[in-house]
Amino acid sequence: MQVQFWGTRGSIPKPGPTTIRYGGNTLCHEIRTARGTLVIIDCGTGLHGLGLKLLSGGRGLAGHILISHTHWDHIQGVPFFAPFFVPGNEWDIYGPKGLNQSLRDTLAGQMQHTYFPITPDEFGASIRYHDLLEGTFEIDDIRVTTQYLNHPALTLGYRLESDGATVVYCCDHEPFSRDVAEGRREFSGLDQQHADFIEGADLLIHDAQYTAAEYPSKVGWGHSSTEFVVKLAKHANVKHVVLTHHDPLRTDVALDGSVENLRDRLKADHSAVLVSAATEGEAIEVKSSGAVPSRSSREEFSATRSVKPALSHRSVLIRVADVKVATALGEAVHAEGLRANFCSSADMARKLIAQDPPSLAIIDHAFADHNEKAVLDVLRSTKGGELPVVMVAAREHEEKGVTDWLTTPFTDSYARTKIRAWVLREACRWIRAPIPEDEPARLTSLRALNLLDTEPEERFDRITRLATALFNVPKATITLVDESRQWFKSCQGTTGREDPRDASFCAHVVYNREPMIVVDTLCDERFADNPLVLGGPRIRFYAGYPLTLDDGSCIGTLCLLDARPRTFEESDLEQLRDLALIIMEQFQSSTVEVARRSGQGIGYDRQ
Ligand SMILES: [Zn+2]
Ligand SMILES: [Zn+2]
């Protein structure tokens with residue numbers, strides 16, 4: 001693949017004597033495969049020059065345009081791209097699917113008459129628009145994989161594989177964790193996922209707007225520091241990293257100094273990573289490294305979680321009587337890349353501790369006999385009392401020497417997250433909702449509604465559809481919290497019908513019987529490590545309103561979900577409550593219907 005830089009500046013075009021060498025145009029890149037497929041990534045002002053060059057090559061142009069996000073510095077060239085005005089030209093434009101409007105409408109927004117004399121309808125070329133989510137698709141001989149980046153706007157990174165070579169483009173992006181951004185912590189969680197996305201790239205083009213010294217005053221602005229990007233490139237085994245999205249205030253001289261510094265550091269580390277700053281006009285031939293692992297699909301990314309190297313040499317001592325629970329724990333331990341050692345007596349525990357000192361012990365409370373106490377004593381004296389000891393039980397209670405509890409039943413995912421946190425001595429930022437005191441009565445009332453596992457109904461879908469439109473969110477559900485799962489009577493914007501109760505946000509609402517708003521899940525101790533946040537729907541925002549029947553049973557919620565953090569006003573909550581009240585009326589009327597059909601009265605029958 002051949003990559004050419006047509007724009008390298010971030011935020012605003014900055015032509016002038018101090019930016020003459022690295023360039024003043026905002027982001028635009030031309031990529032061509034050996035077979036001649038043309039892909040343009042981002043449409044900053046650099047697109048103007050590229051358009052003129054393409055036109056000079058003759059008529060009958062066809063190409064593909066990938067847009068990372070629709071901030072100005074990435075789309076401002078669109079109205080000035082000459083090939084769009086030539087009839088017979090064919091273009092495909094791809095970009096992240098927005099929350100409330102299509103890519104086409106967003107791009108047209110900057111071409112309204114107030115800003116520009118021509119609308120997209122007047123383009124002569126035929127243009128097809130494609131709204132993208134995370135996934136993998138093909139453009140001729142290029143395999144394109146997308147992944148969301150961390151930026152105030154919905155932004156996609158692109159991984160392009162063709163001719164045996166890999167080019168990854170990540171603009172604009174800020175590390176998820178500030179500790180990782182500032183080098184105090186190794187890659188983990190979402191930052192590791194970002195590194196996985198980049199892994200093994202022959203060429204990485206990455207946002208590096210700031211220096212490490214500037215970054216602390218720019219936290220949350222959605223950009224990376226040059227130092228972080230080089231560290232990321234090393235970590236992800238990148239061959240050549242090109243820093244781009246240069247700050248408008250960064251002069252050529254400052255960039256020279258910055259790159260020189262980074263190269264010196266890499267040299268001192270004996271690193272083979274090449275680093276350069278993107279230069280307008282520069283072309284790079286990206287050759288196959290021959291060892292590029294082919295990414296097969298987005299699903300593969302979310303399904304496999306990389307094991308922290310720190311975990312790989314550790315073991316967990318398990319003494320659990322219930323075979324099923326013991327097996328589940330053993331599997332969870334293995335899945336985290338740890339070794340599991342099972343013991344049945346104090347003597348065996350002592351022997352195993354000597355052979356393979358554990359990082360964690362998990363024992364159960366199934367039988368409080370002498371053997372049990374003896375094992376606990378052995379564990380308590382291990383590592384000077386520093387060994388974390390977790391007790392498996394149906395409920396927590398007073399017990400000396402126990403560090404934490406794992407209450408049954410639990411899902412595999414929950415056990416894994418807790419085990420990882422215990423071994424790493426990190427706080428586990430995933431808290432399951434406790435079981436409400438009226439659980440048996442609550443479940444009886446829920447089941448009496450006869451709604452669980454029924455087909456979707458228009459009367460409920462109408463409400464969730466209205467909710468997504470009213471609050472401008474991609475997803476809304478009517479959730480019923482069942483014994484071990486949450487089940488959706490209606491879901492807009494999601495296809496799954498249920499999740500384990502462990503991971504349920506709505507179960508917290510049901511327990512507290514109060515509305516719950518989580519403006520940013522990653523900043524919330526209860527949810528940051530929840531699998532619905534780290535993977536799957538990647539919930540960043542949640543608002544849930546309890547659904548309570550006349551008999552006082554809280555059975556579920558009306559909830560709103562977004563993949564981006566957002567705020568929620570008091571007036572929004574009132575509207576959410578109004579919708580919840582309509583749902584509850586519908587519930588009661590179903591109950592009345594069921595009661596009428598079965599010829600018996602039910603406690604909360606209003607008639
Ligand atoms: Zn930008
Ligand atoms: Zn941006």
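For the stretch 464-506, what % of the accessible area comes from carbon and sulfur atoms, probe 1.4 Å?
Solvent-exposed carbon and sulfur of the stretch 464-506 make up 51 percent of the total.
Just the Cα atoms of the stretch 465-546, one point each, no solvent: what log10 I(q)/I(0) does Debye give at q = 0.16, 0.20, 0.23 Å⁻¹?
Values, matching the q order: -0.57, -0.95, -1.30.
Can you compute the FRET efficiency between Asp179 and Trp72 using 1/(1 + (r/R0)^6), with r the Cβ-Cβ distance and R0 = 25 Å? Round to the nearest 0.05.
Between Asp179 and Trp72 the formula returns 0.20.
Sticking to Cα atoms, compute the Rg of the stretch 152-249 to one decimal and its Dmax as the biggest Cα-Cα distance, whole number, in Å.
Final numbers for Rg and Dmax: 12.6, 42 Å.
Looking at the stretch 417-557, I'd like the Rg to Rh ratio, where Rg is from alpha-carbon atoms and Rh is Kirkwood's inverse mean 1/r.
Computed over Cα atoms, the ratio is 0.97.
Calculate the FRET efficiency for Arg462 and Phe137 from the Cβ-Cβ distance with a Förster distance of 25 Å, rounded to the nearest 0.05.
Result of the calculation: an efficiency of 0.15.
When the Cα centres of the stretch 400-438 and the stretch 46-73 are compared, how far apart do they sit, in Å?
52 Å
What pairs in Lys324/Lys475; Lys239/Lys418; Lys218/Lys489; Lys231/Lys287; Lys14/Lys97 have C-alpha atoms more than 32 Å from each other?
As for pairs spanning more than 32 Å Cα to Cα, those are Lys324/Lys475; Lys239/Lys418; Lys218/Lys489.
Would you work out the relative contact order for the stretch 20-101, in percent, from Cα pairs under 8 angstrom that are 6 or more residues apart?
The value is 30 percent.
Name the longest site-free stretch of the chain, where the excluded sites are GluC sites (Glu not before Pro) in a DSSP loop with no more than 16 other beta-carbon atoms within 10 Å.
The longest uninterrupted stretch comes out as 1-181.
Could you give the length gained by full extension between Ile118 and Lys324, i.e. 0.36 nm per residue of separation minus their alpha carbon distance, to one decimal place?
Contour length minus Cα-Cα distance gives 67.4 nm.
Which lysines does Lys351 reach when only Cα atoms under 22 Å apart count, and residues fewer than 8 places away in its own chain are ignored?
The reachable lysines, counting only those whose Cα sits under 22 Å from Lys351, are Lys373, Lys383.
Per residue, what accessible area does the chain have, given a 1.4 Å probe and all protein chains present, in Å²?
That works out to 43 Å² for each residue.
Just need the relative contact order of the stretch 379-427 here, percent rounded to a whole number, with Cα pairs under 8 Å and 6+ apart.
Reported as a whole number, the value is 28 percent.
Cα-based Rg (one decimal) and Dmax (whole number) for the stretch 30-158, in Å?
Gyration radius and largest Cα-Cα distance of the stretch 30-158: 14.2, 42 Å.
Give the aspartates and glutamates whose C-alpha is closer than 18 Å to that of Lys53, dropping any in the same chain fewer than 8 places away, or say none.
Within the straight-line limit of under 18 Å, Lys53 reaches these aspartates and glutamates: Glu30, Asp42, Glu90, Glu280, Glu282.
Within the chain, what percent of beta bridges assigned by DSSP are antiparallel, to the nearest 5?
55 percent
Could you quote the convex hull projected area for the chain, Cα atoms only and averaged over all directions, in nm²?
Averaged projected area of the chain's Cα convex hull equals 33.4 nm².
How much of the DSSP bridge set in the stretch 26-85 is antiparallel, in percent, rounded to the nearest 5?
Bridges in the stretch 26-85 that DSSP calls antiparallel: roughly 60 percent.
The values are calculated or read from the model by the stated rules, or taken from the named source; none is laboratory data. Only a predicted model underlies this, so the values are computations on that prediction, with no experimental measurement involved. With ideal geometry, Cβ positions are generated from the backbone for all residues, glycine too; neighbour counts draw on all protein chains shown. Accessible surface is based on the protein model in full, side chains and every heavy atom, while ligands, DNA and RNA are left aside. Shrake-Rupley method; radii C 1.70, N 1.55, O 1.52, S 1.80 Å.
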